[in-house]
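Enquirer: I'd like to ask some things about the structure below.
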Amino acid sequence: MVTVSVSAAEAELTDDERAGLELVRESGGIHQSDFWKELDVSSRKGSRIVESLVEKELVDREETVYDGHNTYYISPTARDLDFTLLMAGDMLSPFIGEEEVDPNSDAFSQWIMNLAYEE
Amino acid sequence: MAFEDLLEDPVIQKYLHELVGPKGMPVAAAPPDGEVTDEELAEELDLELNDVRRALFILYENDLATYRRLRDEDSGWLTYLWTFEYDNIPENLEEEMYRLHEALDERREYERNHEFYLCEICSIRFEFGEAMDFNFECPECGSPLESMDNNRLVDAMDDRLDALEDELNIDADA
């Protein structure tokens, strides 16, 4: 398997695709029917842009009903998430690698203390 | 080496370290392109075969590696060919963000709905009921327990919950 890094895929985008990707990231998710209007392109061109971004795995797309019409919802991929939200100071979420989530565990108390007093 | 862009992220490094531990980290931190055997990895990284296998199975359990088995026709021995599946790391961390959100939400309820007392000497916190049972004296050292305000904890939890909801598009009122 050849692994093409996402940043490499991103470097090869056309201007329209790049603008589309920015729009999806900034909005945090957008319906396809709003996507092309916001970008100020035709619906056909809008769907080609989405198609290309989905293929490059830069956005996720799922079917949905919006304003009574079948359309797609376009959202950023998990790669775009801010994973530092799992950190409190230099401590990672204590639930990683654990089967069960115990909100009253000592490790989580420590994490919350870090959050309150070290950030 | 593959997945360089992901491995540059310090949170992802910390995540892998948390899963495989310090001994497994050389394996987790340098995923090769394509397939590799445990023996090749042990040789290349100058590690004990057992440590390599342990790390690979932890990665496998977390959907971060897969293997296929090949049988050598002459010796009948099985060879495991491993592939690193680090494309799954972002989805795993997304799931962890949801789990963290759920725990914070539950813990915030508890912090809001209870009163706490603190022994400042031992740094032990007691719920109101416990403190009353001890006559507001620390069971360890006997010093008086002082009422403790947890607003700072709750505020910090509020902020992080807001940030997680914003990032994950969670509707807080849902």
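Throughout, read-outs are computed from the coordinates displayed, never taken from laboratory work. Everything numeric in this text was worked out from a predicted model, so none of it was measured. So basically every Cβ, Gly included, is an ideal-geometry build from the backbone, and we count neighbours across all protein chains shown.
Enquirer: Shielding of B:2-9 by partners, i.e. mean partner chain Cβ atoms within 10 Å per residue? Mind showing how you got there, number by number?
Expert: Values: counts 4, 3, 3, 7, 3, 0, 1, 3.
Counting Cβ atoms of other protein chains within 10 Å of each residue's Cβ and averaging gives 3.
Enquirer: Right, next: If the only charges are +1 at each Lys and Arg Cβ and -1 at each Asp and Glu Cβ, what is the size of the charge dipole of the protein assembly as shown around the Cα centre, to the nearest 20 debye? Before the final figure, lay out the partial values.
Expert: Details: 23 positive and 76 negative charges, 100 e Å.
Dipole of the protein assembly as shown, to the nearest 20 debye: 480 debye.
Enquirer: Please work out the Cα convex hull volume for region B:1-111 and give it in Å³ per residue. Kindly include the intermediate steps, with their values, before the conclusion.
Expert: On the way: hull volume 13.5 nm³, N = 111.
Convex hull volume per residue, Cα atoms: 121 Å³.
Enquirer: How big is region B:88-166 on each of its three principal axes, counting only the C-alpha atoms and giving the largest first in Å?
Expert: Largest first, region B:88-166 extends 52, 21, 18 Å along its Cα principal axes.
Enquirer: Now for a separate question. If you take the charge dipole of region B:1-102 about its Cα centre, with +1 on Lys and Arg Cβ and -1 on Asp and Glu Cβ, which of B:Leu81, B:Leu7, B:Ile58 is farthest toward its positive end?
Expert: B:Ile58
Enquirer: List the aspartates and glutamates whose Cα sits under 17 Å from the Cα of A:Lys45, skipping any in the same chain fewer than 8 residues away.
Expert: Reachable aspartates and glutamates: A:Asp15, A:Asp16, A:Glu17, A:Glu22, A:Asp34, A:Glu55.
Enquirer: Further, regarding this structure: Once every DSSP H run of n ≥ 4 in the protein assembly as shown is given -39500 (n - 2.57) and the sum is divided by its residues, what mean residue ellipticity at 222 nm do you get, rounded to the nearest 500 deg cm²/dmol?
Expert: Values: 12 runs with 147 residues, N = 293.
It lands at -15500 deg cm²/dmol.
Enquirer: Follow-up question, since we're still on this one. Given DSSP loops and a limit of at most 11 other Cβ atoms within 10 Å, what is the longest stretch of chain B that contains no such GluC sites (Glu not before Pro)? Don't skip to the answer; put the middle values down first.
Expert: Numbers: sites that count: B:Glu8, B:Glu48, B:Glu73, B:Glu140.
The answer is B:74-139.
Enquirer: Within a 10 angstrom radius of each residue's Cβ in B:85-91, how many Cβ atoms of other chains show up on average? Whole number is fine.
Expert: On the way: counts 1, 1, 6, 1, 3, 7, 4.
So the per-residue partner count for this stretch is 3.
Enquirer: Measuring from centroid to centroid over Cα atoms, what is the spacing of region B:132-174 and region B:41-61 in Å?
Expert: Distance between centres, Cα-based: 41 Å.
Enquirer: For chain A, what are Rg and Dmax over the alpha carbons, in angstrom?
Expert: In order Rg, Dmax, the Cα atoms of chain A give 19.2, 56 Å.
Enquirer: How many partner chain Cβ atoms sit within 10 Å of a residue's Cβ in peptide A:73-82, on average, as a whole number? Numbers along the way, then the final one.
Expert: Details: counts 0, 0, 1, 2, 3, 10, 9, 2, 8, 6.
That works out to 4 on average.
Enquirer: So, one more: Hand me the GluC sites (Glu not before Pro) from region A:1-83 located in a DSSP loop with no more than 16 other Cβ atoms within 10 Å, in residue order please.
Expert: Numbers: sites: A:Glu10, A:Glu12, A:Glu17, A:Glu22, A:Glu26, A:Glu38, A:Glu51, A:Glu55, A:Glu57, A:Glu62, A:Glu63; in loops: A:Glu12, A:Glu57.
Of the GluC sites (Glu not before Pro), the ones in loops of region A:1-83 whose Cβ has at most 16 other Cβ atoms within 10 Å are A:Glu12, A:Glu57.
Enquirer: Looking at chain B as a GNM with Cα springs under 10 Å, which of B:Ala42, B:Ala30, B:Ala131 has the largest mean-square fluctuation?
Expert: B:Ala131
Enquirer: On a C-alpha basis, how far is the centre of region A:85-104 from the centre of region A:18-41 in Å? Whole number, if you could?
Expert: Each part reduced to its Cα centre gives a spacing of 34 Å.
Enquirer: Using a simple charge model, +1 on the beta-carbon of Lys and Arg, -1 on the beta-carbon of Asp and Glu, nothing else, what dipole does chain A show about its Cα centre, in debye to the nearest 20?
Expert: Roughly 600 debye, rounded to the nearest 20.
Enquirer: While we're looking at this one, here's another question. When only Cα pairs under 8 Å and 6 or more residues apart are kept, what is the percent relative contact order across chain B? Write down the numbers at each step before the final one.
Expert: Values: 183 pairs, mean separation 24.7, N = 174.
Relative contact order here is 14 percent.
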